[in-house]
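First the structure, in the form of structure tokens, and then the observations on it.
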Amino acid sequence: MTVPLSYYLVLSGIVFLTGVIGVLLRRNIIIILLSVELMLNATNINFVAFSQYLHNVAGQVFVFFALTVAAAEVAVGLAIIIALYRAKSTINIDEFQLLKW
Amino acid sequence: MEQVFFFYFACVIAAASVLVVAAHNPIYSALALLIMFFHVAGLFVTLHAEFLAAVQIIVYAGAILVLYLFVVMLLNLRHDDRYHRQWPMAAVVGVTLVIEAVILTAMKGWATPVVATGTETTVEGTTNAGTIGDVLYSTYLFPFEVASLILLVAMIGAIILAKKDLGEPTES
């Protein structure tokens, strides 16, 4: 009595959708980065589920790389947040609209 | 039995991810994300990816989330308005994605896909970590080195970015 692959896809879709809505909806930059982490985790669930169902270990290797990129993204992103906070004393993204047309 | 475990992990993952987006306090968001990471690791164990489960806990819950909590507490945030003015756009994108997912699910049905077409099948008799190590150091050796380069660049970039003020010229 195993779990069909579709269930994993639906779960990953729900988590990814939550992440997208979080990125679009929240104003706090830290929450936006957390939502990006949610999306990365949704793709990781997909990769591992396919890796299991196709009996191919390449999916797990890709999760490994995604994890590396996530770590790099967090390090640089948080450094940027700290620099922004030093410059403007806020991390509300409504304040950072220099590039907005 | 597997389905019981799957539904437990799935429900907690979905609830925790909603909580990450919906929580007032960024610290609560980060802690909800911690719960989600642990349950994703549990899901990986049920998918026979034990190495990734361990790495998920060590890297995500151990390193990344601690970094987030450190920054949240360093910046000492006040509660501000939670949601953006662009929520109609978020609603449009969300509804579009939901409709797309429903249509795709209805078209393809709930069938499981056919068997393996991949080249690197899992080697029976070795552990999960051993299999991943074999593939990582043979087939994916070059991407592995590129990943280490990415980490080096991220480390240098983070140090440079966090060290100086934004307005300063960059000579040291």
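The values are calculated or read from the model by the stated rules, or taken from the named source; none is laboratory data. This structure is a prediction, so every number in the text was calculated from the model and none was measured. Cβ: placed from backbone, ideal geometry, glycine included. Neighbour counts: every protein chain shown.
On the basis of being of a type in the set (A, V, I, L, M, F, W, C), assigned to a helix (DSSP H, G or I), surrounded by fewer than 17 Cβ atoms within 10 Å (Cβ to Cβ) and in contact (Cβ under 8 Å) with a residue 24 or more places away in the chain, does B:Ile27 make the cut? Yes.
Here is the figure for segment A:11-24: residues that are more than 7 Å from chain B (Cβ to nearest Cβ) and under 11 Å from B:Ala10 (Cβ atoms) total 1.
For segment A:40-60, the criterion of being farther than 22 Å from B:Cys11 by Cα, within 17 Å of the chain's Cα centre (by Cα) and more than 8 Å from chain B (Cβ to nearest Cβ) is met by no residue. Of all residue pairs spaced 6 or more apart or on separate chains, those with beta-carbon atoms under 6 Å, a first member in segment A:76-97 that is more than 7 Å from chain B (Cβ to nearest Cβ) and a second member that is buried (at least 17 other Cβ atoms within 10 Å of the Cβ) and in a helix (DSSP H, G or I) are A:Gly77/A:Leu33; A:Ile93/A:Ile29. For segment B:34-63, filtering for residues that are more than 18 Å from A:Ser35 (Cβ to Cβ) and within 7 Å of chain A (Cβ to nearest Cβ) leaves 9.
Across segment B:45-68, the number of residues qualifying as within 12 Å of A:Phe64 (Cβ to Cβ) and in a loop (DSSP other than H, G, I, E, B) comes to 1.
Within segment A:22-40, the only residue that satisfies the criterion of being farther than 20 Å from B:Phe70 by Cβ, assigned to a helix (DSSP H, G or I) and of a type outside the set (A, V, I, L, M) is A:Gly22. Could you say whether any residue in segment B:14-24 is of a type outside the set (Ser, Thr, Tyr), free of Cβ contacts under 8 Å to residues at least 24 places away in the same chain and closer than 15 Å to A:Tyr7 by Cβ? Yes: segment B:14-24 contains one or more residues that are of a type outside the set (Ser, Thr, Tyr), free of Cβ contacts under 8 Å to residues at least 24 places away in the same chain and closer than 15 Å to A:Tyr7 by Cβ. Candidates B:His24, B:His48: the one that is at positive phi and at pLDDT below 90 is B:His48. Reported count of residues in segment B:1-24, each being crowded, with 18+ Cβ neighbours inside 10 Å, closer than 18 Å to B:Val45 by Cα and more than 7 Å from chain A (Cβ to nearest Cβ), is 1.
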